[in-house]
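The values are calculated or read from the model by the stated rules, or taken from the named source; none is laboratory data. It should be emphasised that the depicted structure is a prediction, and the values quoted were computed from it without experimental measurement. Using ideal geometry, Cβ is built from the backbone for each residue, glycine included, and neighbour counts are taken over all protein chains shown.
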Amino acid sequence: MRFTRQSDIDFIKGARISRTIAFSFLTVVCMLASVLAKSKDDIVVLNNGDRITGEIKRLEHGLLSFKADYMVDAVSLDWKRVARIQSKDQYVITLTSGGLYTGSLLLVSPRLGMVENLVISAGNFTVRVRQNEVIRIQPIETRFLQQLNGSIDYGFSYTSGNNQYQSQLSANTNYLRGDHNITGSTSITLNGQSGGEKTARYNFDTGYRKLLRNRWFVGGTLDFLSSEEQSLDLRTTAGGLLGRSLILTDRTIFSVAAGMVVTRERYDPSSGLEPLGTSGEALIGLDFYTFRFKTTDITSRFLIYPSMTVPGRVRLELDSSFRIELFKDLYWSLNLYENFDSKPPVNAKRNDLGISSSFGWKF
């Protein structure tokens, strides 16, 4: 690989910083975990009269996950076919309006003239909404791991004609508690050819969002990137943002955000120019997620960084994935990333594009 001794040292420092941040992230979210126990006497009644007693796991993508004591695994129930729910536990309920409530819930069969058949008891007040206005129900769990979800992917490809290979390992996680959402992801991509040039790309980023009323949110982002393809030893990006979800349903989420970040870059010293610099950039972000056909989901994030300190410089970042569930929590994924820089400060490539397929497991 094209590593210089100094770049090795710099990247090791960046990796240590990433590990420190990751450890701090886990420590904070562990401290946020609740000490209340989740009961297992929830009652769900379906439209056909079937009655099940057990534990409500969550509601997501229009499916209510429910587990009775006699079940080995939780079952998925069509939310539209659930007639009644009784539960004493506390939940975080998200509505299509962007409203977020923490409290107990009671779902009753609609009566003549009454369409707001779901009652949320949040503290000293009660909220009545329609059943189809609820897009997510998240229990307030006892254990931290029960509030954590994410995925791990690995892909490898090899072409015998030119002895070229590509290997990619990635992981992401999400922690949602109340109106706080913390995300983290990391990826390692290795490209090479026998007897030819080999390149590596390392990325780690974490983000935080606090949900507000009417689909608004505020948050922050912290990103580390090393790309040999662009002679970039380490780029650190940190800043804040304000955004809003324009589409918020049980199947599709589309949000936009804007903010400001500070970027510090260290390039390969062999470029002959000053390899270290700090700049200020604006941030415009688009996030899209959709779930289709019960087994397929598409995720895409597009970020634009117009520079405020270097006239004419604009950076673009794109990360997309197309997933198809194969069996239970196992899936196949097609991934795309693009990192474009209109005016690199050194003599380096302007873009770094990668396409890969992988198999993964979600938890």
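Numbers for the structure displayed
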| read-out | value |
| --- | --- |
| Candidates 193, 230 - the one that is polar (S, T, N, Q) and closer than 23 Å to residue 266 by Cβ | 230 |
| Residue in region 210-217 that is in the same structural domain as residue 283 (by TED's automatic domain parsing), assigned to a strand (DSSP E or B), modelled with pLDDT of 95 or more and within 16 Å of the chain's Cα centre (by Cα) present | yes |
| Options 314, 346; residue that is in the same structural domain as residue 165 (by TED's automatic domain parsing) and in contact with a helix residue (DSSP H, G or I) (Cβ under 9 Å, 6 or more places away or on another chain) | 346 |
| Which numbered condition residue 258 fails, given (1) under 23 Å from residue 62 (Cα atoms); (2) loosely packed, with under 14 Cβ neighbours inside 10 Å; (3) of a type in the set (Gly, Ala, Ser) | (1) |
| Filtered residues of region 210-240 (kept if out of contact with any helix residue (DSSP H, G or I) (no Cβ under 8 Å at 6 or more places or on another chain) and of a type in the set (A, V, I, L, M, F, W, C)) | 211, 212, 216, 217, 218, 225, 232, 238 |
| Only one of 88, 80 that is of a type in the set (D, E, K, R), touching a strand residue (DSSP E or B) at 6+ places or on another chain (Cβ under 8 Å), outside any strand (DSSP E or B) and not assigned by TED's automatic domain parsing to the domain that holds residue 181 | 88 |
| Qualifying residues in region 182-199 (those that are touching a Lys or Arg at 6+ places or on another chain (Cβ under 9 Å) and modelled with pLDDT of 90 or more) - the one nearest to residue 216 (Cα to Cα) | 182 |
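This table checks each residue for (1) in contact with a Phe, Trp or Tyr (Cβ under 8 Å, 6 or more places away or on another chain); (2) loosely packed, with under 15 Cβ neighbours inside 10 Å.
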| position | (1), (2) |
| --- | --- |
| 269 | no, no |
| 279 | no, no |
| 282 | yes, no |
| 309 | no, yes |
| 315 | yes, no |
| 328 | no, yes |
| 338 | no, no |
